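**Student:** Mind looking over this structure? Questions follow.
The values are calculated or read from the model by the stated rules, or taken from the named source; none is laboratory data. Keep in mind that this is a model prediction, so the values were computed, not measured. Methodologically, a virtual Cβ is constructed for each residue, glycine included, from the backbone with ideal geometry; neighbour enumeration extends over all protein chains shown. Note: areas computed on protein heavy atoms with side chains; ligands, DNA, RNA excluded. Shrake-Rupley method; radii C 1.70, N 1.55, O 1.52, S 1.80 Å.
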Amino acid sequence: MILPDTLVSTPVSRRSMLQSLGAVGLFTGVQHLLPDYSGPRPTATGGAPLAPRIVDGKAIYDLEIAETKLRIEGRSTTATTINGTVPGPLIRLREGDDAILRVTNRLREDTSIHWHGLILPPEMDGVPGLSFPGIRPGETFEYRYPVQQAGTYWYHSHSGLQEQLGHYGPLVIDPAEPLP
């Protein structure tokens with residue numbers, strides 16, 4: 001019997017077999033290497049997407065900055081957290097909407113949130129000493145600004161070393177119009 005060329009198989013080398021198995025393993029396990037912001041998994045090492053409160057048809061995001069004791073790799077430490085997580089929760093906004101973010105400071109020192117890369121009024125930029133006084137302990141500050149662009153950004157503290165201690169998080173702004 002004569003087989004067409006397309007049905008004749010070539011021998012598989014050990015090297016190509018191992019490369020194929022390695023690639024399958026990598027693709028299968030890659031989801032465990034990346035932070036999971038797509039599902040509701042609030043933990044001390046990564047927040048879930050933050051659901052806003054709806055008041056009079058407007059979305060209001062509540063953020064609380066505090067010191068939180070965490071256990072990482074079996075060791076206890078204290079981190080500066082946003083809503084109890086490091087990184088802080090994913091905030092998802094929409095281009096063309098107004099952002100309303102209420103930040104409560106539970107620390108014993110001033111805090112702030114800088115919305116990195118966003119076009120917004122200077123008093124909403126979140127850099128203490130420039131055009132913003134900072135958020136004093138026990139106070140709540142309302143950031144309110146028009147969302148003028150789409151993209152992936154991040155937010156973080158501009159107060160002391162709070163950013164390095166865990167005070168940061170992801171920010172995604174969906175485009176007003178669907179992508180083509």
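**Student:** Please report the accessible area of ASP98 (heavy atoms, 1.4 Å probe, ligands and nucleic acids excluded) in Å², nearest 10.
**Tutor:** Its accessible surface works out to 90 Å², give or take rounding.
**Student:** From the phi angles alone, apply the Karplus equation (6.51, -1.76, 1.60; θ = phi - 60°) to segment 152-161 and give each ³J(HN,Hα) in whole Hz, x where the residue is Gly or Pro.
**Tutor:** 10, 9, 8, 10, 6, 7, 10, 10, x, 9
**Student:** Can you give me the orientation-averaged projected area of the convex hull built on the Cα atoms of segment 55-129, in nm²?
**Tutor:** 6.8
**Student:** Then there's this: Express the Stokes-Einstein translational diffusion coefficient of segment 117-179 in µm² s⁻¹, to the nearest whole number, given a Kirkwood radius over alpha-carbon pairs, 4 °C and a viscosity of 1.567 mPa s.
**Tutor:** It diffuses with D of about 97 µm²/s by this estimate.
**Student:** Could you work out how far apart the two model spin labels at LEU161 and ARG71 are, taking each label as a point 7 Å from the Cα in the direction of the beta carbon, and quote it in nm?
**Tutor:** Placing both labels 7 Å beyond Cα along the Cβ direction yields 2.5 nm.
**Student:** Rg (Å, one decimal) plus Dmax (Å, integer) for the alpha carbons of segment 39-180?
**Tutor:** Looking at segment 39-180, its Cα Rg and Dmax stand at 15.0, 48 Å.
**Student:** Using only the Cα atoms, work out Rg/Rh for segment 44-99, with Rh taken as the Kirkwood radius, to two decimals.
**Tutor:** Radius of gyration relative to Kirkwood radius: 1.11.
**Student:** Kindly provide the trypsin sites (Lys or Arg not before Pro) of segment 60-128 that DSSP labels as loop, not H, G, I, E or B, and whose Cβ sees at most 11 other Cβ atoms within 10 Å.
**Tutor:** ARG108
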